[in-house]
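Have a look at the structure below, then the notes.
Each value in this text was obtained by applying a stated rule to the coordinates, not by laboratory testing. Nothing here was measured: the structure is a model prediction, and the numbers come from that model. When we count neighbours, we look across all protein chains shown, and the Cβ atoms used for this are built from the backbone with ideal geometry, even at glycine.
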Amino acid sequence: MTASTANTASLEALRRCHFAVDLGAARTRVYVKGAGLVVDQPSAAAVNTRTGALIAVGDFAEKMTGRTPGYIRVVRPVSGGTVVDIEMAQRMLRHLLGDRVRRALRRKPRLRAAVCTPHDADPLSQRAAIETLVGLGARRVELVDTLIAAAVGCGLPVEQPEATMIMVCGAHATQVAVLSLGSIVTAVRVPVGGEAVDHAIVQLLRHQHELVLPSQSVRPLQLALSGNGLTPQGPSSTEIHGRDVATGLARSVRVDTATVRNAIQTPLTAVLDGIGKVLRDCPPDLVADLADRGIMMVGGSALLPGFDQMLRQATGMPVHIAERPDVCAVQGLGSMLEGRVEPLVLHPTTAGSDSHADSD
Ligand SMILES: Nc1ncnc2c1ncn2[C@@H]1O[C@H](COP(=O)(O)OP(=O)(O)OP(=O)(O)O)[C@@H](O)[C@H]1O
Ligand SMILES: [Mg+2]
């Protein structure tokens, strides 16, 4: 497999990296060479606003969301594929890595890191990712396109001359691409992801049932829809607990699953439009390959019950979900670090001089 796209570093450079980071809007994942996936936690930090001290990160911080006294704030330093608060992202990463891993990394004479960024990441957001890792001690940071990292991570045969379609379903965005011969033929990024789906469900309950749904209750509701997922064959209604909008008291309602399906149709339609656009931009020969090979879904939102079935119905193409869809991108980076990805003999990888940044 090769990893030669405009904003992807050369395999040679990646093999020299010591660790790799996938800073997602929902979760942060870190792969350390030789040690594997060492961090997979929510991208959240709880801060004491009086002292500025960090109280918790990751899972603990996420659990505090909506339950903190006024002086504790839960912040999310990554939004929409961009590190929006570099300093906080660095503090969060330091805590997530822990002393032991950080000590091990500090011992490297010239620490090198890889980080994946969204396909259409602008220079500012690439800069923010680089700066975050430089703050962690990296002397050199290699950027990898998330689509390539995810394709490698789920074992797609991207080095073949046949086309494959990959769909990275994140929290804030969905990226769809056609890959052939190790590079991206066409790609789009739709600013709609798992969070938009959750939001649609919360809004529906607020408007139709005057019920405030705690964020942790969205997942059970999605599960209630599963079995037959987003298709109409599932149970026709399900019981949901929440809080009354007006009185604030606990209350439960029976929710019609058809209305929930309708509510999440809007964000999902945007994703379908993205697939349509990629197919329209794709050379006809490759589209023919796609009809057999279908779409590979990766990213946490690929686990949304029935999402794959819906795509199958809408596109008529085979749809597969990667084995561990949520960690594909970081595992792909890991494979590149460990040198498990062979460069293409006929198409040597090209190292883009603007694809990486040196901190010195
Ligand atoms: N079992 C599940 N069912 C439905 N949705 C899920 C499930 N598991 C995770 N998700 C959703 O997946 C999203 C997180 O996916 P992922 O971990 O790929 O995001 P991310 O990489 O942090 O985000 P991004 O790539 O957009 O920056 C969340 O919106 C979450 O609600
Ligand atoms: Mg992601």
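Considering only Ala129, Ala173, Ala53, the mean-square fluctuation computed in a Gaussian network model of the chain, springs between alpha carbons under 10 angstrom, is largest for Ala53. Separation of segment 159-221 and segment 307-322, taken as the distance between their Cα centroids, equals 14 angstrom.
Calculated translational diffusion coefficient of segment 157-322 (37 °C, 0.692 mPa s; Stokes-Einstein with Kirkwood radius over alpha-carbon pairs) equals 195 µm²/s. As a proxy for reagent exposure, ranking Asp145, Asp244 by other Cβ atoms within 10 Å from fewest up yields Asp244, Asp145. Antiparallel versus total DSSP beta bridges in the chain: what percent is that, nearest 5? Taking every DSSP beta bridge within the chain, about 75 percent pair in antiparallel fashion.
Rg ratio for the chain: its Cα radius of gyration over 2.2 N^0.38 Å, N being its residue count, equals 1.03. Two numbers describe the Cα atoms of segment 275-316: Rg and Dmax, which are 11.4, 32 Å.
With all projection directions averaged, the alpha carbon convex hull of segment 11-54 covers 4.3 nm². Counted by Cβ distance under 13 Å from Val75, the other residues give a net charge of 0, where Lys and Arg count +1 and Asp and Glu count -1.
Rg over Rh for segment 81-154 works out to 0.98, using Cα positions for both radii and the Kirkwood form for Rh. Pairwise Cα distances in segment 90-200 exceed 17 Å for 63 percent of all pairs.
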